[in-house]
Each structure stands twice: as C-alpha cells, then as structure tokens.
Amino acid sequence: MTTALEKQFGQPEQAEITAAIAAAEKKTSAEIVPVIAEASGRYDRAEDVAGVWLGLILLAITWALYPPIDTAEGSWAAGHPVQQLVAFLLVTLIGFLVGASLASQFNGLRRLFTPVDQMADEVWLKARAMFFDQRVHHTAGATGVMIYVSLFEHRAVIIADQKILDQLGQDRLNVLCNEMTAGFRTSGIIPSMKSTIDQLGDELGKVLPRETDDVNELSDALILLS
C-alpha cells in the first residue's frame, strides 16, 4: 500500500535524488544518505493541549449564554444548579475530545501547540537514530553524511561522521542545511535537496576525493520514513 509520503515523493522524485547522490559520490569517497521523514515525534501532549483550550473556550461560551437560574424564594420555576454543572462539564468534555481529534488530524494545529524547542530536539534525536540505524557511521573511512528532512516540524539537519567533521566542520554543514531549508520555501524540497547534494559533492570532493578503488558502501536511494 502506497503511503502518503510515497505519493508526495514518487518514483520520479526519488530517481532525481538517487541520480544526484550518484553524481556527487563520483567526486568524493564520502557516502551521502538522504532521508525525508513525515515526522520525528508523536507530540501527543500537543493534542491534549489543543483539547483543553477548545474545552475552556466552549465552557466560557456556554457560561456566557446559559440562562441564569431563578433562585427567588417561592419560585417553582427555578432550575437546580446541578443542571448547570452538568451542562458545563459536558461541553468541556466535548470540547476536549473534539480539539484533541482535530489536532491529531491537522498538522498545523498540532504544530501550533508544540514548543519549538521540543520539535528541534525531536528532529535532532531522530536524525541521530537514523544515522546509526542506516549504518552511516559504519563506513570504512568514517566518511558518512546524512541529510535528514522532517516535514511535520519544518526542520532539517545534516549530520556527519568524524572524518567529515574534521574536514568541513559542523558549522559549515549547518550553513548548508540553512541554505537548503531556505530553498524549500522558494524552489521546493526535491530541487533544494539536489542542490545541497551537489554542493556537498563539490566540497567533499576537494577534501575527500574519490579513490580509484572506492566502493559504494551505502545505497544511493532516498529513504522515506513514514
């Protein structure tokens, strides 16, 4: 079954990235691994927070619109305060359930209630996990580099093995990453990723040129993480 991520980045887009990786690795002994993730964290708390806010908003509206209870002495038309309490509790519960459900379905709403620092941490942790899971750190020359893009958080990171860090430095990788994410807004994800891959190939080719006996240790395919 085709996932939403595979529909967004189909065979043509995947082929473009694979070709860009192959071309870049003709210049360098480094291994470049591209990853696009749907999200790096679950963010359940954001759904709860959205539910609480909607519940409180509906509670306030209900309180403002609820007819006042006539408590005048001798009046048989007076309502019991329990009715009002039940109405308030029911509206708050419904608001919470609806808000949490909406936040689970709409990324923009869930992102609104998720702290920016939390998203940054989740993206970095997931990228590091993928760096090890995909054995990028196990290349013979310690020359693996991963381009990790997480769609939900609108964030990306470029992480590399020690030999690349010694040659380029994390600061330079961060600059390339920032340029890539800026390109997402103007030219799109795939073209911007391709441009960054080309740039990495050029810069790594100068400090870690491809050797005649170099072996392609890792797949050039785009990894889609649903």
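Take the residues in segment 19-51 that are open to solvent by 10 Å² or more (accessible area, probe 1.4 Å) and in contact with a Phe, Trp or Tyr (Cβ under 6 Å, 6 or more places away or on another chain), then tell me which one is nearest to I197 (Cα to Cα).
Per the criteria, the residue is A39.
Do we have any residue at all in segment 175-194 that's open to solvent by 80 Å² or more (accessible area, probe 1.4 Å) and among the hydroxyl-bearing types (S, T, Y)?
Checked segment 175-194: at least one residue is open to solvent by 80 Å² or more (accessible area, probe 1.4 Å) and among the hydroxyl-bearing types (S, T, Y).
Is segment 99-120 home to any residue that is in contact with a strand residue (DSSP E or B) (Cβ under 8 Å, 6 or more places away or on another chain), among the hydrophobic types (A, V, I, L, M, F, W, C) and at pLDDT 85 or above?
Yes: segment 99-120 contains one or more residues that are in contact with a strand residue (DSSP E or B) (Cβ under 8 Å, 6 or more places away or on another chain), among the hydrophobic types (A, V, I, L, M, F, W, C) and at pLDDT 85 or above.
Just one of (1) surrounded by 15 or more Cβ atoms within 10 Å (Cβ to Cβ); (2) without any contact (Cβ under 8 Å) to a residue 60 or more places away in the chain; (3) part of a loop (DSSP other than H, G, I, E, B) trips up T212, so point out which.
Among (1) surrounded by 15 or more Cβ atoms within 10 Å (Cβ to Cβ); (2) without any contact (Cβ under 8 Å) to a residue 60 or more places away in the chain; (3) part of a loop (DSSP other than H, G, I, E, B), T212 violates only (1).
Being in contact (Cβ under 8 Å) with a residue 40 or more places away in the chain and part of a loop (DSSP other than H, G, I, E, B) narrows it down to one of E153, E122, so name that one.
Checking each option against the conditions leaves just E153.
Any chance segment 137-150 includes a residue that's out of contact with any helix residue (DSSP H, G or I) (no Cβ under 6 Å at 6 or more places or on another chain), modelled with pLDDT of 95 or more and open to solvent by less than 70 Å² (accessible area, probe 1.4 Å)?
yes
The values are calculated or read from the model by the stated rules, or taken from the named source; none is laboratory data. Predicted model only: the values in this text are computed from it and were never measured. Here the Cβ is made from the backbone with ideal geometry for all residues, glycine too, and neighbour counts use every protein chain on show. Please note that ligands, DNA and RNA were not included when accessible areas were found on the heavy atoms of the full protein model with its side chains. Shrake-Rupley method; radii C 1.70, N 1.55, O 1.52, S 1.80 Å.
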